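The values are calculated or read from the model by the stated rules, or taken from the named source; none is laboratory data. Because the structure is predicted, anything quoted here is derived from the model rather than measured. Note that we place each Cβ from the backbone using ideal geometry, even for glycine, and neighbour counts take in every protein chain shown. With ligands, DNA and RNA removed, areas are computed over all heavy atoms of the protein, side chains included. Shrake-Rupley method; radii C 1.70, N 1.55, O 1.52, S 1.80 Å.
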Amino acid sequence: MANTERIRKAAPTSLALSLVAALIMALGLCPAFALASEIEVVPEGSEGSVVVAQSEVSTDEPEPEGQPVEEGEPVVSVQDLETASNVSYSYLYYASEGDARNGKTTSGSHDCTKVENSATASDVIWSTTSNEGWYVVEGEKTIKGLIEVTGDVHLILADGAKLIGHGGIVLSLGKSLTIYAQSTDKNSMGAMEITHPTDDAGSAILGQKLTINGGRLSFTGHNTYGIFLCANGSDPIRDARLTINGGEVTANGGIQVLSSLGDANNINASLTINGGTVIADGGYYGLLAWDDGGNGRAKATINGGTVTAFGEDGAIGTKGGTLTIGEGVTVKAGESEGSAANIPAQDFQTDHTQTWAQTTVPVTGVTVTPASTTLTVGDTSTLTATIKPDHAVVKGVAWTSSNAGVATVDEKTGEVTAVAVGTATITATANDGSGKSASCAVTVKAKPTPVSIPDASVVAHVQRIGWMVPVTDGTAAGTTGKSRRLEALTLRLPEGVSGGIEYRGHVQRSGWEETWATDGATSGTTGKSRRMEAVQIQLTGAAKDAYDVYYRVHVQRLGWMAWAKNGEEAGTTGMSRRAEAIQVVLVKKDAPAPEATYKGVTQNYAKAFVKK
């Protein structure tokens, strides 16, 4: 084994480890707690040892019982010695707390070592030996043994990738792990599922410094926390720090950062959530920052994101420190998912854990917007209900109608449908049993029927066709889909309608006609091969007082444009585009405009007129 390293685990029964474990168990810091085994790196053929731990372990110490190491058989697999890659991989991160809170990512790239499958129980080392400690997961990879992080390591989860770890993750003293995704799309960003073996109690990830910038991550502990970070009071002092900036993080067993080893006055335990979605489903505590020395150095800060925590003794909080929940942050906590309650922005000092049972924040008032509305038969409108206070536990309402024959309402969404002429009261009642409610008065009116032109009202002159047959009832006059220009038109009011109708066109090379045509006269040109590009139509006399005239034009490359009315311009000018067809409809004065789809014709363009 020349020029190689032999890496073995030191005995977990070392004196320093035993003292630490005994202290933690004696203080009752967690019901079931497993510290990482010490890591011993021994260059072959050399004497002594380098131990990444508090105590020194000689290479002469016998192997732990039941874990013999045969000569030439490595105990630990060092992945970056075999799978280094010079390929650069992209990743997303957050340049500041504010960026994380607002979901603003920054992109980067780095050469990476590829994470490979490991089907044996051998430990896998992630170090800074190659690519400065950058690793990438592509596709689905499974690691059966423990993952040991011996440097400041960065892990990129490629889109669509999934890392499954059955042996947990341990960070060496003072070392860190930073996790990135390549996108923020929940359906494509990489995933990570880490569990602790079921043969003993332990956290899925254990160490001191962990930063999460993205990915769908799941950490499942066995009889203890999913994520456990513990500050260390050795020299140099090493703080415990968990920062979550983005992604979806689930910790089955909960999350705890602990400041308890060594001189409690000089070490910090911080838990900071700036963004993302976090679920901390704990047995005893869901999400907890703990300073056993009571010196206020355990800090839990939730600046952004969505956080949900469950725990029997305390869902979310701090012991010996502070808990701060920022404004506008969604935080829910309770003994179980079914009893989780919304927590308002607040700042707890010194010592605070609780479950926030649902019954603690009842609804005190309901407001419905608008308070009254008028609809036309067939119309729909969605009402809005606002619950007070903002942090009430149950914010849902049930919608009901006093007269479903006039107006119905969707009991969940508040969408009202006008059925018949009359009045109805739509009521929103709080779902928490408080009886609080509010209402909207709805008046339903009959829908006006457009009065179409019943006679030979519109006649179009079309390229290569000439004068076409008259059309009635708002039917389109002209052609579509044939690339033929509308050259002229005539309009007449129906019999029995007093007053008149006048109209003019915008003609190729001539512009707007100076004289308006009236009551059957021709607007436009014939025999000159000139296109009409836009029109104006208006009523006169008694007809102007009793009716509105609506019209729209089918324009080359734009299709059917929006409705214009009462002399407004319809079509285009300055764009050299031909008008091809037209619709004209009379409605009673101030009645609604015809629908976007009318007489088999559907609007394609949002505006009635475009001028270049």
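Determine if region 219-231 includes at least one residue that is under 20 Å from the mean Cα position of the chain (by Cα), at pLDDT 75 or above and open to solvent by 50 Å² or more (accessible area, probe 1.4 Å). Quick ask: steps written out before the conclusion?
As a first pass, look at region 219-231 and keep what is under 20 Å from the mean Cα position of the chain (by Cα): none.
Checking region 219-231: not a single residue is under 20 Å from the mean Cα position of the chain (by Cα), at pLDDT 75 or above and open to solvent by 50 Å² or more (accessible area, probe 1.4 Å).
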What number of residues within region 407-416 satisfy the criterion of being touching a strand residue (DSSP E or B) at 6+ places or on another chain (Cβ under 6 Å) and surrounded by fewer than 18 Cβ atoms within 10 Å (Cβ to Cβ)?
2
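Is it true that GLN508 is surrounded by fewer than 22 Cβ atoms within 10 Å (Cβ to Cβ), under 52 Å from the mean Cα position of the chain (by Cα), of a type outside the set (Phe, Trp, Tyr) and closer than 29 Å to LYS588 by Cβ? Give the steps one after another, and end with the answer.
Working: surrounded by fewer than 22 Cβ atoms within 10 Å (Cβ to Cβ): yes; under 52 Å from the mean Cα position of the chain (by Cα): yes; of a type outside the set (Phe, Trp, Tyr): yes; closer than 29 Å to LYS588 by Cβ: no.
No, not satisfied.
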Go through region 112-125 and report how many residues are assigned to a loop (DSSP other than H, G, I, E, B) and either of a type outside the set (Ser, Thr, Tyr) or modelled with pLDDT of 95 or more (or both).
5
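Quick one: is SER483 at positive phi and either touching a Phe, Trp or Tyr at 6+ places or on another chain (Cβ under 9 Å) or among the polar types (S, T, N, Q) (or both)? Even if it seems obvious, please write down each step before you answer.
Numbers: at positive phi: yes; either touching a Phe, Trp or Tyr at 6+ places or on another chain (Cβ under 9 Å) or among the polar types (S, T, N, Q) (or both): yes.
The answer is yes for SER483.
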By residue number, the members of region 495-527 that are out of contact with any strand residue (DSSP E or B) (no Cβ under 8 Å at 6 or more places or on another chain) and farther than 24 Å from ALA608 by Cα are GLU495, GLY496, SER498, GLY527
Starting from region 371-386, take each residue that is closer than 14 Å to SER437 by Cα and list its partners that are small (Gly, Ala, Ser) and not in a strand (DSSP E or B), counting only C-beta distances under 6 angstrom and pairs at least six apart or across chains.
LEU383/GLY414
Of the residues in region 374-395, those that are in a loop (DSSP other than H, G, I, E, B), open to solvent by less than 30 Å² (accessible area, probe 1.4 Å) and closer than 22 Å to VAL442 by Cβ come to LEU383
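Report, by residue number, each residue of region 565-591 that is in a loop (DSSP other than H, G, I, E, B) and β-branched (Val, Ile, Thr). I'd like the intermediate steps shown before the answer.
Going residue by residue through region 565-591, those that are in a loop (DSSP other than H, G, I, E, B) are 566-569, 574-578, 589-591.
Passing the criteria: none in range.
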Look through region 126-157, keep the residues that are open to solvent by 10 Å² or more (accessible area, probe 1.4 Å) and part of a strand (DSSP E or B), and return whichever of them is nearest to GLY202 (Cα to Cα).
THR142
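The rows are residues; the columns are (1) within 25 Å of GLY600 (Cα to Cα); (2) touching a residue at least 24 places away in the same chain (Cβ under 8 Å); (3) under 50 Å from the mean Cα position of the chain (by Cα); (4) open to solvent by less than 20 Å² (accessible area, probe 1.4 Å).
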| position | (1), (2), (3), (4) |
| --- | --- |
| PRO470 | yes, no, no, no |
| ARG504 | no, yes, no, no |
| SER523 | no, yes, no, yes |
| GLY541 | no, yes, no, no |
| VAL549 | yes, yes, yes, yes |
| LEU558 | yes, yes, yes, no |
Exactly one condition in (1) in contact with a strand residue (DSSP E or B) (Cβ under 7 Å, 6 or more places away or on another chain); (2) closer than 28 Å to SER510 by Cα is not met by LYS588; state its number.
(2)
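In the list THR602, THR573, THR597, which residue meets the criterion of being among the hydroxyl-bearing types (Ser, Thr, Tyr), open to solvent by less than 50 Å² (accessible area, probe 1.4 Å) and either within 47 Å of the chain's Cα centre (by Cα) or farther than 13 Å from TYR503 by Cβ (or both)?
Working: THR602 fails: open to solvent by less than 50 Å² (accessible area, probe 1.4 Å); THR597 fails: open to solvent by less than 50 Å² (accessible area, probe 1.4 Å).
So the residue among THR602, THR573, THR597 that is among the hydroxyl-bearing types (Ser, Thr, Tyr), open to solvent by less than 50 Å² (accessible area, probe 1.4 Å) and either within 47 Å of the chain's Cα centre (by Cα) or farther than 13 Å from TYR503 by Cβ (or both) is THR573.
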Which residue out of ARG464, ARG492 is exposed (fewer than 15 other Cβ atoms within 10 Å of the Cβ), over 53 Å from the mean Cα position of the chain (by Cα) and more than 30 Å from ASP379 (Cβ to Cβ)?
ARG464
